[in-house]
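First comes the structure, then the notes that go with it.
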Amino acid sequence: MKAGVAILFFWAPLGISAYFAFVPDPSSVPSEFDDRILHGFTFTYLTAALCFTYYQARVFWPASAWMLGYGVLIEVVQFFEPERSFEMGDLGIDVLGIALGIAVFLSVRTVRGKRLSA
């Protein structure tokens, strides 16, 4: 995959998720899904995309740290918004999503490696 396209697969969804996370009025965010499901899916996708974009054959721990920092940032910003709130449960779901994202990355990397060596 070309580097520009790979970067787009991470940065565009990050921008969209940041918009929805930081919008002052949560009721203006259209969603048919529970907030926790959105957190889990978002952090799973973003972590895997970050790993594939910047850490392809190398370690994945830096991506985990960056995504955890992003999750903390979201909750801290929401703490200061009158219509939003800091929720440890959301942060816990973010950590679960990060772990799932790493599992996706490692699984795909393993399958790719086996396919290339066969």
Segment TRP11-VAL111, length gained on full extension (0.36 nm per residue, minus Cα span): 33.5 nm
Simple label model, 7 Å out from Cα along Cβ direction - ALA18 to SER85, nm: 2.7 nm
Roughly how many nanometres apart are two label points built 7 Å out from the Cα toward the Cβ at ASP35 and ALA99? 2.2 nm
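Readers should treat all values here as calculations from the given coordinates under stated rules, not as data from a laboratory. On a predicted model such as this, the values are computed, not experimentally measured, just so you know. We place every Cβ from the backbone using ideal geometry, glycine too, and count neighbours over all the protein chains shown.
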